[in-house]
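Reviewing the structure listed below.
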Amino acid sequence: MRSQDHDRIFLSPPHLGRHELNYVHKAIEDNWVAPVGPNLVGFEADICAAAGVPFCVALNSGTAALHLGLLLLGVGPGDEVLCPSFTFVATANAIRYCGATPVFVDSEAATWNICPVRLREAIEDRLRRGHKPRALLLVHLYGMPAQLAEIGALAEEFDIPILEDAAEALGSTWQQQPLGSFGRVGVFSFNGNKILTTSGGGALVTHDPTLAARARYLATQAKDAAPYYQHSEVGYNYRLSNILAGIGRGQMELLADRVKRRREIFRWYQGHLAALPGLAVAPAAEPPGALSNRWLTTVLLAPPDPADADAPPATPETLRLALETRNVESRPLWKPMHLQPLFAEAPMYGGAVCADLFARGLCLPSGTALTDSDLRRVAEALAEALR
Ligand SMILES: *Cc1c(COP(=O)(O)O)cnc(C)c1O
């Protein structure tokens, strides 16, 4: 059978359950179509329970949640915010929305997340230059927990608040505690490609009732307590609609299931790709105490062998194109921020680790609705491309 005869296998498509429509129906029946309503309240309660935090504000995107999170930490024009270079652009854009400058830091090889050694270097160097970083935007990439013990200790030593970008890490834990609950503020995304989705959406979580109240206020145009429309501060229109929150309620029922399936898919690839030359599922091991939701299974190609100059080196792009001929979607890893034209001027500490990951890595289809026969098709395509 030719490849085009197959249905397309997407990277990480939405995977709905049986109850989303019930919540949406109810919202329409009851005419709760305005942003705030019972689904929104219920969705926020579901997220609080899953993330182990007392306060949640559901928003219309993870990016909006990052923007508000930075504002809550007092980030403003002229400030510097520490941030891994290896992330999705939304993380760094949120810093720019505040008029602040991202200070990029390289990854560590073990988790691909911000390197604690480089992070210390960066903080000490910024302090020497007279700029105390206003915040650390900590990302858990592809669901893998960052080194929370060392990073938490650094943040405490230098008194720098953490904003956790757990957009890709809903359901991941560190020492049994959910990611998103470690920082002063945490952020989740419910974008269409994430582990759970509301088609588009996000959430901000915190242990601090004052910060939660301020997030709600800023997200709804910063209205003063007056019977008319009075405003003393710039506000935003960032609330999630009660309709989309209905999808979110149905999705939240499935979180444990979806994490289990993503992890199964990761292990399936690990087993079935183990014999392929020059390719490995990575990052392979979770650090002690860390549990990754394995949002996306990612692979790394071995570095080109200088002793074997004849072998045409496979690259992420040759693999991607080979998968494409079988109607299988795959994607390069995030291109590091310090290599983006947009952030060419931003300070960067290290950079070789994440640049190398970008040069050698690829994201494989990881959606929870994938069947074993879909997975076999991906594995066969990879085997053929590497032969
Ligand atoms: C998806 C994502 C975001 C942004 O979330 P949206 O809901 O798409 O705005 C932020 N950071 C990371 C690391 C992401 O993967």
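The values are calculated or read from the model by the stated rules, or taken from the named source; none is laboratory data. Here the structure is a predicted model, which is why all the values come from computation and not from measurement. Glycine also receives a Cβ, built like all others from the backbone with ideal geometry; neighbour counts cover every protein chain displayed. Accessible surface is based on the protein model in full, side chains and every heavy atom, while ligands, DNA and RNA are left aside. Shrake-Rupley method; radii C 1.70, N 1.55, O 1.52, S 1.80 Å.
Structural remarks
- Number of the condition not met by residue 168 [criteria: (1) within 16 Å of the ligand (Cβ to nearest atom); (2) farther than 21 Å from residue 96 by Cβ]: (2)
- Checked across segment 114-126, the condition of being within 11 Å of the ligand (Cβ to nearest atom) and open to solvent by 10 Å² or more (accessible area, probe 1.4 Å) holds for no residue.
- Count of segment 133-153 residues which are open to solvent by 10 Å² or more (accessible area, probe 1.4 Å) and either out of contact with any Phe, Trp or Tyr (no Cβ under 9 Å at 6 or more places or on another chain) or not in a helix (DSSP H, G or I) (or both): 4
- Here residue 97 passes the criteria (1) within 13 Å of the ligand (Cβ to nearest atom); (2) within 23 Å of residue 359 (Cβ to Cβ); (3) of a type in the set (Ser, Thr, Tyr) except the one numbered (2).
- Segment 1-74 holds helices (runs of 4 or more DSSP H) entirely within its bounds, and those carrying 2 or more residues that are of a type in the set (Gly, Ala, Ser) and under 15 Å from residue 215 (Cβ atoms) map to 62-72.
- The residue of segment 75-86 that is farthest from the ligand (Cβ to nearest atom), among those that are in a loop (DSSP other than H, G, I, E, B) and hydrophobic (A, V, I, L, M, F, W, C), is 75.
- Among the conditions (1) open to solvent by less than 30 Å² (accessible area, probe 1.4 Å); (2) closer than 21 Å to residue 141 by Cβ; (3) within 13 Å of the ligand (Cβ to nearest atom), residue 89 misses just one, which is (1).
- All of (1) in contact with a strand residue (DSSP E or B) (Cβ under 7 Å, 6 or more places away or on another chain); (2) open to solvent by less than 50 Å² (accessible area, probe 1.4 Å) hold for residue 255 with one exception: (1).
- Apart from one condition, residue 344 fits all of (1) over 23 Å from residue 271 (Cα atoms); (2) open to solvent by 30 Å² or more (accessible area, probe 1.4 Å); (3) hydrophobic (A, V, I, L, M, F, W, C); (4) in contact (Cβ under 8 Å) with a residue 12 or more places away in the chain; the exception is (4).
- Any hit, segment 223-236, residues being within 16 Å of the ligand (Cβ to nearest atom) and buried (at least 24 other Cβ atoms within 10 Å of the Cβ): no
- Subset of segment 195-209 (residues that are under 29 Å from residue 10 (Cβ atoms) and surrounded by fewer than 24 Cβ atoms within 10 Å (Cβ to Cβ)): 197, 199, 200
- Selection of first residues in segment 47-72 that are closer than 16 Å to residue 194 by Cα and of second residues that are of a type in the set (Phe, Trp, Tyr) and open to solvent by less than 30 Å² (accessible area, probe 1.4 Å), restricted to Cβ pairs under 6 Å at least 6 apart or on distinct chains, gives the following pairs, ordered by first then second residue: 58/43.
- Total residues in segment 171-193 satisfying the condition of being within 8 Å of the ligand (Cβ to nearest atom) and open to solvent by 20 Å² or more (accessible area, probe 1.4 Å): the figure is 2.
- Here is the figure for segment 333-367: residues that are closer than 20 Å to residue 109 by Cβ, of a type outside the set (A, V, I, L, M) and in a helix (DSSP H, G or I) total 5.
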